[in-house]
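Below is one structure; the comments refer to it alone.
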């Protein structure tokens, strides 16, 4: 795991690897196995991989993601498989270089389905 991600309550896994961490997530309240599109909002985070950064910034084709909620010790509390996730909006801090982590104020996703684990 990327060391900076240990300070975030939520981690996004992209192609099986940790790609970003966020302080807060909205839109998963009462989520079960869903087949309807829902909006998720991830707040105050950092993208740590080029692959996830490129997918977010290019608003690429839908992709399955895993979102894990961590406890205060960094252990996974639970996770959700986000099916058909698409970026609908990204609000980032001013980009001043090419390094990572890339700070993100908010990342909004439209998700076609959610599987709670």
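Bear in mind that the values in this text are calculations on the coordinates, not laboratory data. Remember, it's a predicted structure, so these values are computed and weren't measured experimentally. Reconstructed Cβ throughout: ideal geometry from the backbone, glycine too, with neighbour counts over all protein chains shown.
Points worth noting:
- Residue order for 24, 81, fewest other beta carbons within 10 angstrom first, comes to 24, 81.
- Cα-Cα pairs of region 3-116 separated by more than 20 Å (percent): 33 percent
- Ordering 73, 93 from the fewest to the most neighbouring beta carbons within 10 Å gives 73, 93.
- Over the chain: helical MRE at 222 nm, DSSP H runs n ≥ 4 each giving -39500 (n - 2.57), nearest 500: -2000 deg cm²/dmol
- Structural descriptor for region 3-116: relative contact order 31 percent, calculated from alpha carbon pairs under 8 angstrom and at least 6 residues apart.
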